[in-house]
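The values are calculated or read from the model by the stated rules, or taken from the named source; none is laboratory data. These numbers come from a predicted model, not from an experiment. As a convention, Cβ positions derive from the backbone with ideal geometry for all residues, glycine included, and neighbour counts pool all protein chains shown. Note: areas computed on protein heavy atoms with side chains; ligands, DNA, RNA excluded. Shrake-Rupley method; radii C 1.70, N 1.55, O 1.52, S 1.80 Å.
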Amino acid sequence: MTGKRFLAGRPRWTVRLRLTLLYGSLVLVSAGAVVGSTYLLFDTWWSGGRVITETSLPVHQAGGAGGPGKGLPAQAQPSAQVPDVKARAKAADLRELLVVSGIALGAIVTVSAGLGWFVAGRVLRPIRTISTSVRTISEYNLHARLAATGPDDELKELSDTFDQLLQRLETAFEAQRQFAANASHELRTPLTLERTLLEVTLADPDCTLESLRATCHRVLAAEAHQERLIASLLTLARSQSGLASRRPLDLCEVVRSVVSSRTPQLDEAGLTIGSDLGSAPILGDDRLIEHLTANLLDNAIRYNVPGGFITLATGTADGRSFLTVVNSGPQIAADQIPRLQRPFERLGPDRTDNEGGSGLGLSIVTSIARAHGADLLLEPGTDGGMAVNVTFGQAKRDSAPPARSNPGRTKPVS
């Protein structure tokens, strides 16, 4: 407990304090080196080059006032005291030099520490401003920006990076709110329809058994649509949560299974389907891969034109497995492709889909591809429709199938 109190009472080891100590240490080392060099140079100069003048030595008299040698300087008289005088003078000068240098060094270090503290505060002031601004930002005001001004330096770059992060967060939050609103609307629509059908039937005094059966069929159809919507939402949520496990799969077999289950819809739509199915091994979630393939094929069937075509291709190229779905259909502008990958977005201005889709098909495909680390490419067809290519990473197998030199698409066949 005492240790915690001691640590709590210690000053914060802030960046400003560290910079101040760094500035002071650099000045101390530099000034110390200068003082040491000066001391050595002065010592060398004193030992080898200084000459003691007559006025610097005492006058020695031999005998009395009138004796021999009266008034002669010491250098005129051989004396053993000359080296001692030199040594004492040298020591006094060096000592005086050390004292003066020490005082000057202390003053310089003190002044440099103060200036370092001031300069560090000025340099770090934009960071404090950024920290204060970021603390005030929450999910309710993600539109706020730091909008830093000044020179184009590292601090402005940091501020701009925060602004970009806030922009991405605002976009993500707005997309989440829009998704919640759209999902609520999509779930409420069939419930409202069911309620209206039942109320109209119950309010009809001349209701017959046939009309009651017809109402029940319509209610069941609305419920089926709602069930498909909920299943799509669950699939989207599952794909966005990542993959719990992976196992070896072959896209060729998955496509064959999905096409076989969609034979009635293909026959009813009168579409021509062509295929070029080669072995395409991957590692992934079998249920999600099946959903991805089914959504692509369902979109190709639902948004096609009478007498149109669908082309399916699987294989490997450059060591990577791919799945390609090409279909005819209405013209799609290239700038509309990213919008169609968002949930509940459709090609027409009306969000209600008369073709029976939920508006989640391509968003589910995008999410599943991202969960598998696959590259998704969507391109509008030259004569309408869309071409979708999903390229997966190479599966880890002992013997991978040989790469196909030309994964090109075949012409539609009956």
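Stokes-Einstein diffusion for region 265-388, with the hydrodynamic radius set to the Kirkwood value over Cα pairs and evaluated at 37 °C in a medium of 0.692 mPa s, equals 218 µm²/s. Looking at region 199-296, the trypsin sites (Lys or Arg not before Pro) that sit in a DSSP loop and have at most 15 other Cβ atoms within 10 Å of their own Cβ are Arg246. Taking the protein heavy atoms of region 191-350 in the context of the full set of protein chains, the accessible area attributed to carbon and sulfur is 56 percent at 1.4 Å.
Rolling a 1.4 Å probe over the protein heavy atoms leaves Asp206 with an accessible area of roughly 120 Å².
Lys90 contributes an accessible area of around 50 Å² to the protein surface, as traced by a 1.4 Å probe with all chains present. For region 213-362, the antiparallel share of DSSP beta bridges with both residues in that region comes to about 65%. Restricting region 270-344 to chymotrypsin sites (Phe, Trp or Tyr not before Pro) that sit in a DSSP loop and have at most 15 other Cβ atoms within 10 Å of their own Cβ leaves nothing. Protein-only accessible surface at a 1.4 angstrom probe places the residues Asp93, Asp335 in the order Asp335, Asp93, largest first. Rounded to the nearest angstrom and listed largest first, the equivalent-ellipsoid semi-axes of region 131-265 from its Cα gyration tensor are 49, 27, 10. Taking the Cα centre of region 79-214 as origin and assigning +1 to Lys and Arg Cβ atoms and -1 to Asp and Glu Cβ atoms, the resulting dipole is close to 1360 debye.
Protein-only accessible surface at a 1.4 angstrom probe places the residues His372, His143 in the order His143, His372, largest first.
The 1.4 Å probe gives accessible areas that order Val35, Val255, largest first, as Val35, Val255.
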